[in-house]
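Asker: Have a look at this one before I ask anything.
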Amino acid sequence: MPQVKSNVTTEKLDELIHVIQQTYLADNRPWIVGYSGGKDSTCTLQVVWEALKRLPPEKRSKKIYSISSDTYVEMPLIEQYLHKQISMLNQAATDQKLPIEAYTVEPDVDETFWVNMIGRGYPAPYRNFRWCTDRMKIKPTSRFIKEKIATHGEVVVVLGVRYSESSARAGSMQSERTTDSGKKVGRKIFSKYLSQHKDLAGALIFSPIEDWSTEDVWEFLRGYTPPWGGNHSELERLYSNAQKADDDGEDNLALKTFGNSRFGCWTCTVVQRDLSMEAFIEHGEDWLKPLLKFRNDLTLTFEQEFKFKHRKYRRRTGRVETKDTKNGQKKLIWGPFTLEYRQTLLRKLLETQKEIYSLKNDKSLQLIRKKELYRIRQLWCNEEGDWADSLPQIYEDVFKERFEVPRDDWSGMGKAEHAILQEVCAQNKIPKGLVTELFDLERRHHGMSRRSKIFDKIDTIFKKDWRTREEVFAEIGHEMPIKDDGIGGIHNVLEENNSR
């Protein structure tokens, strides 16, 4: 690890490396290092690598796994950088005969962002409903850790968390330690450096750079080249280009350490603005403009007018749910996006992908994968009564090429049958959705030798709330007539008691 110039003293680094070596040699638990490609995880992996490299070959007995999370909606620039680094890590570990292996963990197709949003109609994530983090990051990482625990009994998870990262992070880390007197205030402490993982039995936590400041991290990265090859100039450039100065300006330290640079999913709507993506565009990455527009359009789905037009009045469970407001009225708890809006959203996403293909001249950039499209199609056909099988046509309209689907993947009725069913249901005042779900249930169980549970499923369908929008909102407390104006006729009716 050649030194260039760094304020992180040799003595301080040697002391940390000694601690890492002691902890590594203390037992036979394999290590799992979380590596996101960011500054803190890069710094952590680098000092662990150096500690291992300084050991005699015969003492490098334990495996070290470097794992990175690919949510499928990472910022494309960061995703490309990370994949390149992972390839370099594995090659260098082989060349240097180190027991280090780098892996990428991914969410199951049923847990991805687009399958849940476009397939199931989940709303865009917000502060009180961050459904994405657990599905796309925590579960895949936990699955990898659990697999290693099952093989080895226990593992050590090495994290690049630091006390100075934020006050919230410092509070979280402190609550998981013991006091100086030994009184436990959080999770169990196994040694001076190892503590119990708060969720996974059999996993211990080791945070080697927890006492480092942000300035320490950057001084180290600028002063020591990565042992797996290359240098940190590209990482620093990414942070620099993601830096967007506040209106009041930044102090010299913040500029030096890229204080407000943050990387995450390009689809994230938990934050009000994606300052990093805006900054990348300001620094010349114009091809990101379609992504920023798509992301900003998602934030409009929080507005009340949008909900009246494009959210279902029933939850995915089939129930209509309300909650009481302070003034004694009832407020509707909105359900998922309508199928019509999901179809529009998919079309916009594919058009955005086509646009960045053209702007970047790089067809390796995928905003949504084929396996996600297949799963979305299944959900639309089986859960939404999309007998017209609209997804292949949307794809073909955008890309002007055939969307190949698995043979016999959908054997439901078609658009003509759907129109007839709609007419018959209207004449007999029967909810079309009820009949559609019964048809789909029968189709899925057709030919099965055991159909014992079909009656329970039929009962579940009948127990759903099949009232019309008009009936639901009349019960909430509004008696004015509702006309079918294409959006359920409810905008003005519920504007008052559903406003925020």
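Asker: Which residues, taken from the range 85-136, are closer than 30 Å to GLU303 by Cβ, open to solvent by 60 Å² or more (accessible area, probe 1.4 Å) and out of contact with any Ser or Thr (no Cβ under 8 Å at 6 or more places or on another chain)?
Answerer: Kept after step one, since they are closer than 30 Å to GLU303 by Cβ, are these residues of the range 85-136: 107, 110-136.
With the extra rule that they be open to solvent by 60 Å² or more (accessible area, probe 1.4 Å), the set shrinks to 126-130, 134.
Those that are closer than 30 Å to GLU303 by Cβ, open to solvent by 60 Å² or more (accessible area, probe 1.4 Å) and out of contact with any Ser or Thr (no Cβ under 8 Å at 6 or more places or on another chain): ARG127, ASN128, PHE129, ARG130, ASP134.
Asker: Among the residues of the range 336-344, are any over 30 Å from ASP459 (Cβ atoms) and surrounded by fewer than 16 Cβ atoms within 10 Å (Cβ to Cβ)?
Answerer: yes
Asker: Please enumerate the residues belonging to the range 270-297 that are assigned to a helix (DSSP H, G or I), at pLDDT below 90 and under 18 Å from the mean Cα position of the chain (by Cα).
Answerer: SER276
Asker: Quick one: in the range 27-40, of everything that is open to solvent by less than 10 Å² (accessible area, probe 1.4 Å) and at pLDDT 95 or above, which residue is nearest to PRO208 (Cα to Cα)?
Answerer: Filtering first and then ranking leaves VAL33.
Asker: Of all residues in the range 298-351, count the ones that are at pLDDT 90 or above and of a type in the set (S, T, N, Q).
Answerer: Total meeting the criteria: 5.
Asker: Still on this structure, I have one more. Hey, GLY335 hits all of (1) in a loop (DSSP other than H, G, I, E, B); (2) more than 16 Å from GLY119 (Cβ to Cβ); (3) in contact (Cβ under 8 Å) with a residue 24 or more places away in the chain but one; which does it fall short on?
Answerer: (2)
Asker: If a residue must be without any contact (Cβ under 8 Å) to a residue 40 or more places away in the chain, assigned to a loop (DSSP other than H, G, I, E, B) and among the hydroxyl-bearing types (Ser, Thr, Tyr), how many such residues does the range 37-74 contain?
Answerer: Going through the range 37-74 one residue at a time, the tally reaches 1.
Asker: Any residue in the range 267-286 that's more than 17 Å from THR133 (Cα to Cα): show its pairings with residues that are of a type in the set (S, T, N, Q) and part of a loop (DSSP other than H, G, I, E, B) at Cβ separation under 7 Å, as long as the two are six or more apart or on different chains.
Answerer: LEU275/ASN260; SER276/SER261; ALA279/GLN243
Asker: Within the range 460-475, take every residue that is within 23 Å of CYS381 (Cβ to Cβ) and in a helix (DSSP H, G or I) and give me the one that is least open to solvent (accessible area, probe 1.4 Å).
Answerer: ILE461
Asker: Next question, about the same structure. I'm told LYS323 meets every condition in (1) in contact with a helix residue (DSSP H, G or I) (Cβ under 7 Å, 6 or more places away or on another chain); (2) over 13 Å from PRO76 (Cβ atoms); (3) charged (D, E, K, R) except one. Can you identify the failing condition by its number?
Answerer: For LYS323, the failing item is (1).
Asker: Take the residues in the range 291-319 that are of a type in the set (Val, Ile, Thr) and open to solvent by 30 Å² or more (accessible area, probe 1.4 Å), then tell me which one is nearest to GLU74 (Cα to Cα). I'd like the intermediate steps shown before the answer.
Answerer: Step one: filter the range 291-319 for residues of a type in the set (Val, Ile, Thr), giving 299, 301, 317.
Subset that is open to solvent by 30 Å² or more (accessible area, probe 1.4 Å): 299, 317.
Working: THR299: 18, THR317: 30 Å.
Only one residue fits best here, namely THR299.
Asker: A follow-up question, please. If I ask for residues that are within 15 Å of ASP389 (Cα to Cα), among the charged types (D, E, K, R) and under 22 Å from the mean Cα position of the chain (by Cα), which ones from the range 330-356 would you list?
Answerer: Those that are within 15 Å of ASP389 (Cα to Cα), among the charged types (D, E, K, R) and under 22 Å from the mean Cα position of the chain (by Cα): ARG342, ARG347.
Asker: Working only within the range 12-36, note down all residues that are of a type in the set (A, V, I, L, M) and in a helix (DSSP H, G or I).
Answerer: Applying the first criterion (of a type in the set (A, V, I, L, M)) to the range 12-36 yields 13, 16-17, 19-20, 25-26, 32-33.
Listed by number, the residues that qualify are LEU13, LEU16, ILE17, VAL19, ILE20, LEU25.
Asker: Enumerate the helices (runs of 4 or more DSSP H) found wholly within the range 389-453, keeping only those where 2 or more residues are at pLDDT below 80.
Answerer: In the range 389-453, the matching helices (runs of 4 or more DSSP H) lie at 415-428, 432-445.
Asker: Condition first: surrounded by fewer than 18 Cβ atoms within 10 Å (Cβ to Cβ) and either in a helix (DSSP H, G or I) or touching a Gly at 6+ places or on another chain (Cβ under 6 Å) (or both). Now tell me which residues in the range 345-373 satisfy that.
Answerer: So in the range 345-373, the residues surrounded by fewer than 18 Cβ atoms within 10 Å (Cβ to Cβ) come out as 347-348, 351, 354-355, 357-366, 369-371.
The answer is ARG347, LYS348, GLU351, LYS354, GLU355, TYR357, SER358, LEU359, LYS360, LYS370, LYS371.
Asker: Could you please give the count of residues in the range 261-290 that are β-branched (Val, Ile, Thr), out of contact with any Leu (no Cβ under 6 Å at 6 or more places or on another chain) and open to solvent by less than 40 Å² (accessible area, probe 1.4 Å)? Give the derivation first.
Answerer: Initially, the range 261-290 is screened for residues β-branched (Val, Ile, Thr), giving 267, 269-271, 281.
Checking which are out of contact with any Leu (no Cβ under 6 Å at 6 or more places or on another chain) leaves us with 267, 270-271.
Those left that are additionally open to solvent by less than 40 Å² (accessible area, probe 1.4 Å): 267, 270.
The total comes to 2.
Asker: Further question: Restricting to the range 58-68, count the residues that are in contact with a helix residue (DSSP H, G or I) (Cβ under 8 Å, 6 or more places away or on another chain) and open to solvent by 30 Å² or more (accessible area, probe 1.4 Å). Lay out the reasoning, then the answer.
Answerer: Residues of the range 58-68 that are in contact with a helix residue (DSSP H, G or I) (Cβ under 8 Å, 6 or more places away or on another chain), as a first pass: 59-60, 62, 64-68.
After this cut, where a residue has to be open to solvent by 30 Å² or more (accessible area, probe 1.4 Å) as well, the list is 59-60.
Final tally of qualifying residues: 2.
Asker: Further, regarding this structure: What tally of residues in the range 353-384 results from selecting those that are of a type outside the set (A, V, I, L, M) and in contact with a Leu (Cβ under 8 Å, 6 or more places away or on another chain)?
Answerer: Initially, the range 353-384 is screened for residues of a type outside the set (A, V, I, L, M), giving 353-355, 357-358, 360-364, 366, 369-372, 374-375, 377-378, 380-384.
Retained after the next criterion (residues that are in contact with a Leu (Cβ under 8 Å, 6 or more places away or on another chain)): 353, 357, 377, 380, 384.
Qualifying residue count, the range 353-384: 5.
The values are calculated or read from the model by the stated rules, or taken from the named source; none is laboratory data. None of the values given here were measured: they were computed from a predicted structure. Don't worry about glycine lacking a Cβ; one is built from the backbone with ideal geometry, like all the others, and counts go over all protein chains shown. The accessibility values were calculated without ligands, DNA or RNA, using every heavy atom of the protein model including side chains. Shrake-Rupley method; radii C 1.70, N 1.55, O 1.52, S 1.80 Å.
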